[in-house]
Amino acid sequence: MNRQPPKWADRFLQWYCRPELLEEIQGDVYELFYRTVNHYPRQAKFQFVWNVIRFFQWKNIKRSKSKINNTGVAMDMLRNILTVAIRNFVRQPGHSFLSIFGLSSGLICALLILTWIIHETSFDQFHSEPETIYKVMTHVKSDGNFQTYDLASSALDVSSIPEVTALASVSSGSRWPHELCFRPEEKTNECIYLNGVYANENLFSVFNFPILQGDRQPLKGAANIAISEKMAERLYGKANPIGKIIKIDDRHEVTIASVFKNVPINSSLQFDFALPYHILQKQWGINEAMMARNFFNIYIKTGSPISAEALTAKLNDTRVLTEEHKSQNVSYQAYPLLDWHLKSKFEGGKNTGGKIEYVFLFGIIGALVVLMAVINLVNMSTARASLRAKEIGIRKVTGALRTSIAGQFMIESFGLVLLSFIISITAVEWILPSFSSLLMQPIEFHLLQGNTLLYLIGFLFVVAILAGLYPALIMSSFQPVRILKNQLTTNASGNHGFRKSLLVIQLSVSLIIVIFSGVLYRQLEFITQKNLGFNRSNMIRLEPTFRLLKSYESFKNELLKNPNIISVGGSNDNPLNSAGANTGVTWPGKPDDLRVSIRTIGCNPDFTRTMGLKILEGNDFQAEKSDTLRTEVLVTQEAVKVMGLKNPIGEELKFGQIPCVIIGVINDFHTSSLHEALLPVILYRQHIQSISALYIAFQPGTTEQSMQAINNTYKSFEPDYTMKYWFQDETFNETYKTEIVASRLTILFTFISLSIAIIGVIGLATFTTIRKTKEIGIRRVFGASATQALMVLTKEFISVLIIAILVAVPLAWYTSDHWLQGFAYRTNLPWSIFTISVVGLIVLIMLVIVILGIKTIRTNPTQSLRTE
Amino acid sequence: MKGNYLGELEELVLLHVGILYPNAYGVAVMDEIEKQAGRSLNISAVHSVLTRLEEKGLLKSKMSDPTEERGGRRKRIFLLTAAGKRSLEEANELRNQLFSQIPKVALQFRLA
């Protein structure tokens, strides 16, 4: 057994102990050790370790060197570093501006994206215990395929599931009876259209929509209404609305029982008022049993923890899923409410993402832009290193440690990043309203609040360290002797290859973004200029009231008296965005197993003329019905082809059991977004009172006069209601909202990434020019022309450019192609965009190099060579 | 500032430094306290008290010659200063004075 104390403990003591105390402390523990080691060696060792640990106290621990330094000196040093930083900053305003500008624009871009992402991920988080709320989804299996709805039977009985504490049933929609006309107290002949929900009494207990005034459970009363703060103000101004009577549809009286706080914009459930189901039943004019057959949005709240899978299994149990529904191939799924906003796309009964894809896409773009901006800062500051070499040399000679030089550059980088952060946060707060209108979506969010501030500070440090670390390491490694002897040229500021590859990344990323936005633009242009087969310009869609439809003929004649109004027609579905397809159409000779989706649109005789559809065979609908027994229909060429009819005119079709007769063939037209293939269409004659929208076409360039005329005529027929209408062009744009937003965003990204890349080129070009000054001088002396001298400067960039193009073009091609695949109708991959982008980038870079290099080339070589 | 106030352990250590004159150092003080007062302390605790007393100016120290038993290391020998001596006297005096004021009756314990 060795008689020595444990080495590691001894070493530990030597490591931590203050040198002036070490001898006596070590002496004491050794003495105690030697005393016992002869009799109890094991105990002695244990005691030694224990004593070493007990001595590990603050007063015995070594202080770091900086602590030993007088703090006054450190303060002076800090002040000197700051002064030098500011002087450097001011001496080269162009460079400093570019550094700040590059980083700020990158950060603005990233922060805007961050704001958007935070907004998108904050949906429905404001409820209490939001993770315990589930939405019941319904999958209906038909023909081996699944249709998924975010609805479930309103008669759903979950009393057999002990985990479920409450069930909220909500019926929402965008048209009557969810969008209703409310009349302000003062002006009763005006209409304010507001959208609301019908719900059971649990709406305000399952969700966190705080009630500000009145009854806590307003929906318990059968004739109650709860309204939002905003609605209360619009209808009653400052007056207390509680207890006032509102007439729903000017018929059913309800009492305002409560006022709730405006629904936050990051709620997936939006409404301005809430009514009990009793009112809906009255409006629809149906009895209890029919009401129970409806499907509504069903939300369940669980009390004890249960997984979504287990809950889904319980929902599909026979006690919940009725036999009747089961026989219709219906199955339920409990879907977490928190997932709903970002993952709402279902295919084949499975979730296939949704908006989350855009969140990821923009997240990556944001990170890339920040990366590019940081790369820039690194390039810019290392490029300038040679100019500061002397300063570093002097500092080192006068005794600066490597760590303090590195620290100096870290502080400088930190200052620069902080400044950029302040600029960009201010800018973001300022831009946010226009950004949210660019996204066509309200965003109410501020960066400087709560946790985000902490994240931002963390982000700031990360960026500052990334941007400062490399320059700090490189510059602090300079050897003073060589610097002061002017021998810096070799390996002047770090690994040149490293910085070149950074530039490759920058150039590739911006090239990809430029090309992609070009493709996106081309496709959007293609969509907007594509002939849909019917007119959509200079046309409005008007939502008629029942009374207006009853006097349709006189309304139409009154309108047509105005020469600006071309035509009026009506249908029950807007051909711009028809939903749902009919598979129940049969025709003579239809094979039994064939299932074809056909869009069926009911319309009045004026519809085809108003829409500008062409009759290719047979006749248009006539004002008077000629065939009184069968419904007259017009079919498109595609429908004729699908049905395989040789002589379509006079053929008999059936919609379910209803007999129809083909009286004419019209041209093909698109009935939904161009993402989907064109469907066959059948127009059937419908009674005017079942029509849901009137279309009014007017002369181009007379929008203002025509709208005035239409509004006046409307008022004379329907004085109690405010006219509700939409321009067909705007509805069309709405269909491609995502694409339009994406194209606007890519324009923004293109601008920012291009400017960052150009700054990167400037950084490297500056450096090259400084390095090659002497070379150019010598070449000039030997008679090289200006162009030849320029070649020396551009040579550096040729390889960088070639690699960037080789990386970017295939990636851009792949992305664009993949994106275009999402459209059934698309432009060919436009190679011209690729060529233009690549050539444009080359020209731009050459221009930057020439502008920067021209001064050096023009300098008299004697001057550049004399400095030795 | 705690001023001249002397803690109980501090007083004990101070007394033992006096007793061990001129050989009072960490381990010796620790041993002596265990022998005389029957209290076993950890060496680090003794060190803390010794340094505190030195900071208060009640002790002074010097390094001894190297000794074999400590692997050739020197000891830090502690000595009472004039202030240390005075504060011991004051503590002693205060205690005696207070003790004498206790009424005799209070100290007469009988078997009840």
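The values are calculated or read from the model by the stated rules, or taken from the named source; none is laboratory data. Because the structure is a prediction, the values reported are computed rather than measured. Backbone-built Cβ (ideal geometry, glycine too); neighbour counts: all protein chains shown. These area figures cover heavy atoms from the full protein model, side chains too; ligands, DNA and RNA do not enter into them. Shrake-Rupley method; radii C 1.70, N 1.55, O 1.52, S 1.80 Å.
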Label model pair A:T735, A:V596: point-to-point distance (7 angstrom along the Cα→beta-carbon line) in nm is 2.2
Kirkwood-based Rg over Rh for the stretch B:8-107 (C-alpha set), two decimals?
-> 1.08
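Students often check this: by mean Cβ neighbours within 10 Å, which of A:597-605, A:89-97, A:543-551 ranks highest, and how do the rest follow?
Values: A:597-605: 20.6, A:89-97: 13.2, A:543-551: 15.4.
The packing order, highest mean first, is A:597-605, A:543-551, A:89-97.
Full extension from A:S304 to A:F12: what is 0.36 nm times the residue separation minus their Cα-Cα distance, to one decimal in nm? Walk me through the numbers before you get to the answer.
Working: separation 292, 0.36 × 292 = 105.12 nm, distance 5.19 nm.
Extra length from A:S304 to A:F12 when fully extended: 99.9 nm.
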Partnerless cysteines (no other Cys beta carbon under 4.7 Å) identified across chain A are A:C17, A:C109, A:C603, A:C660
In nm, to one decimal, how far is the modelled label at A:S743 from the one at A:R42, with both set 7 Å along Cα→Cβ?
-> 8.4
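Can you send over the carbon and sulfur percentage of the accessible area for the protein assembly as shown, probe radius 1.4 Å, protein chains only? Show your work: numbers first, answer last.
Values: 28540 of 49630 Å².
C and S atoms contribute 58 percent here.
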Note the angle between two axes, namely the Cα long axis of helix A:703-717 and the longest principal axis of the Cα atoms of chain A, as a number of degrees from 0 to 90, rounded to the nearest 10.
-> 50
Note: B:45-51 gets an average of partner chain Cβ contacts (10 Å, Cβ to Cβ) equal to 3
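Once fully extended, how much extra length lies between A:R234 and A:T794, figured as 0.36 nm per residue of separation less the alpha-carbon to alpha-carbon distance?
Separation in residues times 0.36 nm, less the Cα-Cα distance, equals 195.0 nm.
Going by average Cβ density within 10 Å per residue, which order do the peptides A:376-382, A:393-399, A:414-420 take, highest to lowest?
Numbers: A:376-382: 26.7, A:393-399: 14.4, A:414-420: 20.0.
Top to bottom by mean Cβ count within 10 Å: A:376-382, A:414-420, A:393-399.
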Solvent-accessible area of A:Y684 with every protein chain in place, 1.4 Å probe, in Å² to the nearest 10 | 50
Name all residues of the stretch A:311-330 having a backbone nitrogen under 13 Å from the label point set 7 Å from the Cα of A:E163 along its Cα→Cβ direction, giving them as ranges.
-> A:311-317
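If you take every residue apart from A:A274 with its C-beta less than 15 Å away from the C-beta of A:A274, what net charge results, scoring Lys and Arg +1 and Asp and Glu -1? Let's see the in-between values first.
Numbers: positive: A:R216, A:K220, A:K230, A:K261; negative: A:E179, A:E201, A:D215, A:E229, A:D272.
Combined, the nearby Lys, Arg, Asp and Glu give -1.
Report the gain in length on full extension from A:V90 to A:F498: 0.36 nm times residue separation, minus Cα-Cα distance, nm rounded to one decimal.
Values: separation 408, 0.36 × 408 = 146.88 nm, distance 2.82 nm.
Once the chain is fully extended between A:V90 and A:F498, it gains 144.1 nm.
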Grab the other residues whose beta carbon is less than 11 angstrom from that of A:L653, score K and R as +1, D and E as -1, and report the net.
-> 0
17 Å reach of a label modelled at A:S690, 7 Å along Cα-to-Cβ, counting backbone N of the stretch A:586-607 = A:586, A:599-607
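In the structure displayed, which of A:K530/A:K556; A:K500/A:K772; A:K135/A:K326; A:K59/B:K75; A:K247/A:K556; A:K135/A:K350 lie more than 22 Å apart, Cα to Cα?
Details: A:K530/A:K556 30 Å; A:K500/A:K772 16 Å; A:K135/A:K326 19 Å; A:K59/B:K75 19 Å; A:K247/A:K556 30 Å; A:K135/A:K350 15 Å.
A:K530/A:K556; A:K247/A:K556, as the Cα separations exceed 22 Å there.
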Inter-site label distance for A:L454 and A:S554 at 7 Å from Cα along Cβ, in nm | 7.0
Among residues other than A:L469 whose Cβ falls under 15 Å from its Cβ, what is the net charge (Lys/Arg +1, Asp/Glu -1)?
-> +1
Once you sort the root eigenvalues of the Cα gyration tensor of the protein assembly as shown as a ≥ b ≥ c, which label holds: rounded (a/c under 1.5), prolate (a/b larger than b/c) or oblate (the other case)?
-> oblate
Förster radius 25 Å - calculated FRET efficiency between A:T859 and A:L484 (Cβ-Cβ, nearest 0.05) = 0.50
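Taking a 1.4 Å probe, which of A:S716, A:S864 shows the most accessible area, and what order do the others take after it? Please report the intermediate quantities before stating the final value.
Values: A:S716 85, A:S864 20 Å².
These residues rank, largest area first, as A:S716, A:S864.
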With a/c under 1.5 counting as rounded, go ahead and sort the stretch A:130-343 into rounded, prolate or oblate using the C-alpha gyration tensor (a ≥ b ≥ c being the square roots of the eigenvalues; past the cut-off, prolate if a/b is larger than b/c, else oblate).
-> prolate
Nearest 10 degrees, 0 to 90: what angle lies between the long axis of helix A:71-91 and the longest principal axis of chain A (Cα atoms)?
-> 60
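Kindly state, to the nearest 0.05, the FRET efficiency for A:K282 paired with A:S142, given R0 = 45 Å and r defined as their beta-carbon distance.
Working: r = 33 Å, r/R0 = 0.74.
After rounding, the FRET efficiency stands at 0.85.
Going by accessible area, probe 1.4 Å, with all protein chains left in place, what is the ranking of A:L748, A:L503, largest first?
Values: A:L748 55, A:L503 0 Å².
Output order, biggest surface exposure first: A:L748, A:L503.
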Would you mind classifying the stretch A:210-262 by shape? Square roots of the alpha carbon gyration tensor eigenvalues, ordered a ≥ b ≥ c; an a/c under 1.5 is rounded, otherwise it is prolate if a/b is larger than b/c and oblate if not.
-> oblate
Given a Förster distance of 60 angstrom, what is the FRET efficiency for B:T81 paired with A:T121, based on the Cβ-Cβ distance and rounded to 0.05?
-> 0.30
Tell me, what is the per residue accessible area of the stretch A:130-343 in Å², probe radius 1.4 Å?
-> 46
Sorted by accessible area with a 1.4 angstrom probe, largest first, how do A:E704, A:E190 fall?
-> A:E704, A:E190
Which whole number gives the average, over all residues in A:404-412, of C-beta atoms from other chains lying within 10 Å of the residue C-beta?
-> 0
Working from Cα positions, state the angle (0 to 90°, nearest 10) between the long axis of helix A:831-858 and the longest principal axis of chain A.
-> 30
Which of the trypsin sites (Lys or Arg not before Pro) found in the stretch A:131-215 are loop residues per DSSP with 13 or fewer other Cβ atoms within 10 Å of their Cβ?
-> A:R175, A:K187
For the pairing of chain A with chain B, what total accessible surface becomes buried, with a 1.4 angstrom probe, in square angstrom to the nearest 100?
-> 1700
